[in-house]
Amino acid sequence: MLPVVDFAELDSPPGRERLREITHHVGFFYLDGHGIDPGLLQRVFEVARQFFALPDESKQALAMINSPHFRGYTRLGAELTNDRTDWREQIDIGPERDPVPGATGYLHLQGHNVWPAELPELRTVIEEYDAALADLGLRLLRYWAESLYADPKLFDDAFAMLPATLIKVVRYPARPTVDVAGNQGVGAHKDAGVLTMLLLEPGSAGLQVEAEDGTWIDAPPREGAFVVNIGELLEVATGGYLRATRHRVLTAPGTPERLSIPYFLNPALDATVPTITLPPELAARARGIEEDPSNPLFGTYGENAWKSRTRAHPDVFARWYPQESVAHS
């Protein structure tokens, strides 16, 4: 089972030390006592169910293939991880901003969302949820900085202007009893940003986290808690002392439908996450940034995000940017 952290314990040095060591070894934990209104979480699930219950033609009208900013609806089987098809449908939502004039590369990711006219509540609820989790995430980052003997506000500047948050509202449909496509809900991967706060529907199953020995740990929902994990940028910022952890979702034949709402806390697209100078006793334990030629890591969030988005949605990239290259892929 994943470790459990209560937000209140992070006010104490021992609590922050425990947070640091959990994310040094595991990279994932359950967060209790976070203070987010349970009523808001319930409304997020309700509006998600309403969205996925819309007619296919209403959802397809929001198809990501029509968005140069990689926003909108992705039908079942239209997203890839590790060049294999994921078994889920979803809508991707980012900050509502005007596109960058003359944008190239990762700056294309800034732009407008697409919303269903039949469900205005989706925008209302998601924007309220975004504001609540942005605040929670920044407070968590301050605790991490303190745990590493850095200025608690070290990360604030990277998030002060135009943070590039991403929210996915995801439905994993039930799989047929017999399914030749395999069991990949989402293939094994690391998150490209700073940290992720995941809201799981009660009673669901399938999320797994890779342990240090290469085995996989089941991570079922915990009532009232978020599943929190660090992303690649915190690995870069700490020279590998904190290690982004691979995770996946399995949807074996016979698996029931479930909802999942990951919230990706990311800085501005052009922000370079500051590097933390670790004290000697921690620096001696830092493992260095993982070197994987198939998945290079970058200090600038936009480069990491462009890598991730263009790989996951090659059809969107091919339609809108045929003359550009995928970021260091």
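A short reminder: the numbers here are calculations on the coordinates, not readings from a lab. Keep in mind that this is a model prediction, so the values were computed, not measured. Neighbour counts run over all protein chains shown; Cβ positions are idealised from the backbone, glycine included.
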Globularity ratio of the chain, using Cα Rg and 2.2 N^0.38 Å: 0.95
Using Cα-Cα distances under 8 Å and only pairs 6 or more residues apart, what relative contact order does the chain have, in percent? 22 percent
Note down the nm distance, to one decimal, between modelled labels 7 Å out along Cα→Cβ at Ala283 and at Glu46. 5.4 nm
Taking θ as phi - 60°, what are the ³J(HN,Hα) couplings along region 109-119 by the Karplus curve (6.51, -1.76, 1.60), each to the nearest whole Hz, with x for Gly and Pro? 6, 7, x, 9, 7, 10, 10, x, 4, 6, 9
Specify the angular offset, from 0 to 90 degrees and rounded to the nearest 10, of the alpha carbon long axis of helix 38-52 from the longest principal axis of the alpha carbons in the chain. 30 degrees
The chain - mean residue ellipticity at 222 nm from DSSP helices (-39,500 (n - 2.57) per run, n ≥ 4, rounded to 500): -8500 deg cm²/dmol
So if we plug the beta-carbon distance of Ala252 and Glu291 into 1/(1 + (r/R0)^6) with R0 = 41 Å, what FRET efficiency do we get, rounded to 0.05? 0.80
If one computes the Cα centroid of region 253-329 and of region 221-238, what distance in Å separates the two points? 14 Å
Give the shape of region 51-133 as rounded, prolate or oblate, defined through the alpha-carbon gyration tensor: a ≥ b ≥ c are the square roots of its eigenvalues, a/c under 1.5 means rounded, and otherwise the shape is prolate if a/b is larger than b/c and oblate if not. oblate
Long-range lysine pairs (8 or more apart or interchain), the chain, Cα under 25 Å: 4
Report the label-to-label distance for Arg319 and Leu162 in nanometres (one decimal), using points 7 Å from each Cα along the Cα→Cβ vector. 2.5 nm
